[in-house]
């Protein structure tokens, strides 16, 4: 994450997170580095459904229809995040890291939504194991690569 932080700082970009599946681990992986406050704006740890609905304004009907482990909820989480934290890049994550499964789901999976340059990007990552810590570490690397590649791509395009 240090390399990503350096890139964000160099490009004068800021970032924020709405974390569910990672429970704050993504924020920690960025904020532990010196100078993180230049780019890292903050996070909402929306581990509980009530935080998703009360803080991020995810409509409970969306959760009931699709479950908290869904692309639809990730999208609503990132939209809610944008209303409460001002940053250039907003990222939300929700899913099942294991070893148990969320009611109504049958995969160890993560849905990620990213708002950057007024565009929404959605990703889905299916885990091959039910090992919680391993899957959380994997998703942190996955998010780092997503953001790094988006920033580089936009810079290359001159957008």
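Computed values, structure above
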{"quantity": "Förster radius 35 Å - calculated FRET efficiency between residue 128 and residue 33, Cβ distance, rounded to 0.05", "calculated": "0.75"}
{"quantity": "Mean separation of Cα contacts under 8 Å, 6 or more apart, over the residue count of the chain: relative contact order %", "calculated": "22"}
{"quantity": "The chain: angle of helix 71-84 to the longest principal axis, Cα-based, in degrees nearest 10", "calculated": "50"}
{"quantity": "Per-peptide average of other Cβ atoms within 10 Å, ordering 85-92, 55-62 highest first", "calculated": "85-92, 55-62"}
{"quantity": "Length added when fully stretched, residue 103-residue 51, from 0.36 nm per residue minus Cα-Cα", "calculated": "16.9 nm"}
{"quantity": "The chain: antiparallel DSSP beta bridges as a percent of all, rounded to 5", "calculated": "60"}
{"quantity": "Taking 28, 132 and counting other C-beta atoms within 10 Å, the order from fewest to most", "calculated": "28, 132"}
{"quantity": "Value at 222 nm in deg cm²/dmol, rounded to 500, when DSSP H runs of n ≥ 4 in the chain each add -39,500 (n - 2.57)", "calculated": "-13500 deg cm²/dmol"}
{"quantity": "Residues in the stretch 81-110 reached by a label modelled at residue 150 [backbone nitrogen below 17 Å; 7 Å Cα→Cβ]", "calculated": "81-95, 110"}
{"quantity": "Cα-based Rg of the chain normalised by 2.2 N^0.38 Å, two decimals", "calculated": "0.99"}
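Read-outs throughout are calculated quantities, based only on the coordinates presented, and are distinct from any laboratory measurement. Bear in mind the structure is a predicted one, so any value in this text is a computation, not a measurement. Glycine also receives a Cβ, built like all others from the backbone with ideal geometry; neighbour counts cover every protein chain displayed.
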